[in-house]
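J.: Have a look at this one before I ask anything.
Each value in this text was obtained by applying a stated rule to the coordinates, not by laboratory testing. On a predicted model such as this, the values are computed, not experimentally measured, just so you know. Using ideal geometry, Cβ is built from the backbone for each residue, glycine included, and neighbour counts are taken over all protein chains shown.
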Amino acid sequence: MWNFIIDHWRDGIEILLLAACIYQIYRAFRATRGAQILVGLVTILVVLTLVSAIFKFEVIQWIITRAAAVLAFALIVIFQPEMRTGLARLGSNRLFSFYGRRRIDFLERFIDAVLNLSKKRVGALFAIQRDISLKEQLDTGVVLDARFSPELSMAVFNPKSPLHDGGMIIADDRVAGAACVFPVTEREMQDRSTGLRHRAAIGLTERTDAIAVVVSEETGGVSICENGVLLRNLSDQQFREKISDIFFSGKPSHEIQPDPQLARKDSVTAAGDRDLVSH
């Protein structure tokens with residue numbers, strides 16, 4: 001066994017590296033529009049190759065061998081938009097995010113925007129897209145393509161704005177849409193003060209891997225929801241630390257405890273986020 005490890009340890013490392021690369025490529029491309037088509041084509045190609053190898057179909061093997069180069073070039077041309085989107089997601093993946101200043105700049109602007117809304121007690125609901133596409137929710141609102149800024153978020157969630165009644169979707173560090181409707185969780189909430197914005201944040205993160213951030217219009221309390229776990233009434237410092245943990249170290253949501261003073265303050269709110277649904 002020891003001799004086998006000495007002779008083949010390089011093969012093990014090579015297999016691990018290839019597996020990691022394939023997994024990262026899969027995560028980057030799985031949410032694109034052409035991902036299912038690409039998976040279907042690859043599946044057909046693999047099945048034909050295995051069948052031809054088992055039953056020694058020489059004609060099929062010859063066709064697959066000769067068509068492989070042409071097929072690879074055709075896939076690059078056909079799936080060019082999907083490849084561009086997938087590579088952009090791969091580059092913004094948490095594995096590589098510490099290399100770029102772009103994600104850090106966005107998070108700084110996002111934190112400033114949320115805390116500004118909190119101080120002014122302007123209700124807001126944000127959804128930051130990660131690997132799973134939020135196109136279904138985006139189609140329910142107004143599609144935008146804008147650089148995120150505190151001023152833009154304040155303009156969108158202003159109570160007199162026609163876009164304040166819903167959630168804002170952020171994809172690739174840009175505002176993809178506003179006034180979007182998110183699915184409300186079907187779980188029974190023990191805390192009756194949980195408003196509709198918070199329930200929508202829980203429902204969205206139960207169905208996707210997005211990160212939802214809620215600002216209460218009654219108390220100004222800031223909440224973060226990930227994987228259906230809601231952390232309410234975070235202090236400014238806790239919110240900064242939690243956002244950094246999510247996008248740079250991947251710590252689970254329950255590691256940060258909410259501010260008890262804010263929690264007591266928010267307990268009197270019964271319907272503070274009632275305006276998520278259109279009038």
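J.: Binned at 5 Å from 0, what are the whole-percent values of the Cα-Cα distance distribution for the stretch 139-217, short to long?
T.: Bins of 5 Å from zero give 3, 14, 25, 26, 18, 9, 4, 1 percent of pairs.
J.: Could you go through the stretch 38-47 in sequence order and give the Karplus-derived ³J(HN,Hα) for each residue, using 6.51 cos²θ - 1.76 cosθ + 1.60 with θ = phi - 60°, rounded to whole Hz, and x for Gly and Pro?
T.: 5, 4, x, 5, 5, 4, 4, 4, 5, 4
J.: In nm, to one decimal, how far is the modelled label at Thr43 from the one at Gln24, with both set 7 Å along Cα→Cβ?
T.: 2.7 nm
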